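The values are calculated or read from the model by the stated rules, or taken from the named source; none is laboratory data. Predicted model only: the values in this text are computed from it and were never measured. Positions of Cβ are backbone-derived with ideal geometry, glycine not excepted, and every protein chain shown enters the neighbour counts.
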Amino acid sequence: MGRRGCHNAAIPSRTIVRTSLLVAKLNGEKLMTKRILTKEVLAGIPAMVARGQRAAEIAEALGCKLNTLKVRCSRARVSLRPLGSIRRPREQRSIKINKTALQLLKERAAASGKTESAIARELLEIIARDNLFDAVLDEAA
């Protein structure tokens with residue numbers, strides 16, 4: 001018989017550590033964990049951003065995971081975006097079309113080697129660019 005405990009290859013070591021920490025917490029023991037993202041460290045992040053470091057680079061330099069950095073900065077209201085950067089709204093929109101029109105788009109796309117989305121986008125862009133709305137909709141100008 002093999003040894004039991006931490007040397008069991010069937011249980012990942014991370015699981016064992018987490019379980020041990022949970023048991024210690026349930027027993028009321030104080031856990032001595034090293035905090036990486038202290039208030040002082042978070043206060044220094046804007047300077048790192050100002051120097052041009054990206055979030056992934058900052059996380060690596062601080063020794064934490066990128067998602068941890070993002071969450072902690074968000075909670076502390078520390079921006080990971082450079083000054084002056086703006087979040088641009090998405091320029092894309094979705095539309096609903098009936099099954100017949102979609103089938104016709106699929107057939108045209110297959111014949112031309114494009115996707116349905118590409119064909120629909122191309123048609124709409126040409127109609128808008130050349131102001132062909134009335135002609136396509138068969139309405140008098």
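Just the residues that are acidic (Asp, Glu), modelled with pLDDT of 90 or more and in a loop (DSSP other than H, G, I, E, B), please, taken from the range 118-141.
If the condition is that a residue be acidic (Asp, Glu), modelled with pLDDT of 90 or more and in a loop (DSSP other than H, G, I, E, B), then 130 is the only one that fits.
Name, by its number, the condition in (1) among the aliphatic types (A, V, I, L, M); (2) more than 26 Å from the chain's Cα centre (by Cα); (3) exposed (fewer than 12 other Cβ atoms within 10 Å of the Cβ) that does not hold for residue 132.
(3)
Restricting to the range 66-79, give me the number of residues that are surrounded by 12 or more Cβ atoms within 10 Å (Cβ to Cβ) and of a type in the set (Lys, Arg). Please lay out each step first, then the result.
As a first pass, look at the range 66-79 and keep what is surrounded by 12 or more Cβ atoms within 10 Å (Cβ to Cβ): 66, 68-73, 76, 78-79.
Next cut, of a type in the set (Lys, Arg) only: 70, 72.
Of the residues in the range 66-79, 2 are surrounded by 12 or more Cβ atoms within 10 Å (Cβ to Cβ) and of a type in the set (Lys, Arg).
Out of the residues in the range 59-78 that are of a type in the set (Val, Ile, Thr) and in a helix (DSSP H, G or I), which is nearest to residue 35 (Cα to Cα)?
68
Restricting to the range 82-102, name every residue that is more than 30 Å from residue 125 (Cα to Cα) and either surrounded by 11 or more Cβ atoms within 10 Å (Cβ to Cβ) or in contact with a strand residue (DSSP E or B) (Cβ under 6 Å, 6 or more places away or on another chain) (or both). Give the derivation first.
Just the residues of the range 82-102 that are more than 30 Å from residue 125 (Cα to Cα), to begin with: 82-84.
Passing the criteria: only 82.
Can you tell me which residue is nearest to residue 73 (Cα to Cα) among those in the range 37-54 that are charged (D, E, K, R) and part of a helix (DSSP H, G or I)?
By that ranking, first place goes to 39.
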